[in-house]
């Protein structure tokens with residue numbers, strides 16, 4: 001699966017690059033985020049995400065309609081778009097959000 005970032009901050013975190021911003025996430029969240037991006041890169045299609053029950057892959061509703069999410073940990077969700085180009089699906093990572101707003 002092709003994974004792209006629409007969020008420069010998350011892309012820098014994933015690539016272990018220095019950011020000028022104050023860290024938004026603790027180390028445990030960052031580790032889990034990186035693991036989930038690796039899963040997204042390893043799968044052939046988003047249909048396979050349904051096989052990973054713990055990820056809780058689902059489409060979002062309301063103002064975030066058009067986005068999908070997977071669980072990063074108990075509190076955080078990775079939000080992304082799925083772009084279909086011919087026979088290729090591209091995951092466009094949008095945000096890493098605290099699902100419970102803590």
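The slack in the chain from residue 74 to residue 16, taken as 0.36 nm per residue of separation less the alpha-carbon distance, amounts to 18.6 nm. Based on the reciprocal of the average 1/r between different C-alpha atoms, the Kirkwood radius for segment 36-102 equals 12.4 Å.
Note on residue 60 and residue 8: the model spin-label points, each 7 Å out from Cα along the C-beta direction, lie 2.1 nm apart. Our summary gives segment 2-98 a relative contact order of 29 percent, counting only alpha carbon pairs under 8 angstrom and 6 or more residues apart.
Kirkwood hydrodynamic radius computed over segment 1-65 comes to 13.6 Å, based on all pairs of distinct alpha carbons. Expressed to the nearest 5 percent, the antiparallel share of DSSP beta bridges inside the chain is 80 percent. Full extension of the chain segment joining residue 39 with residue 24 gains 3.2 nm, where the gain is 0.36 nm per residue of separation less the Cα-Cα distance. Full extension of the chain between residue 51 and residue 95 gives 13.6 nm of extra length, using 0.36 nm per residue less the Cα-Cα distance.
Laboratory data are not the source of any read-out in this text; all were calculated from the coordinates shown. These numbers come from a predicted model, not from an experiment. With ideal geometry, Cβ positions are generated from the backbone for all residues, glycine too; neighbour counts draw on all protein chains shown.
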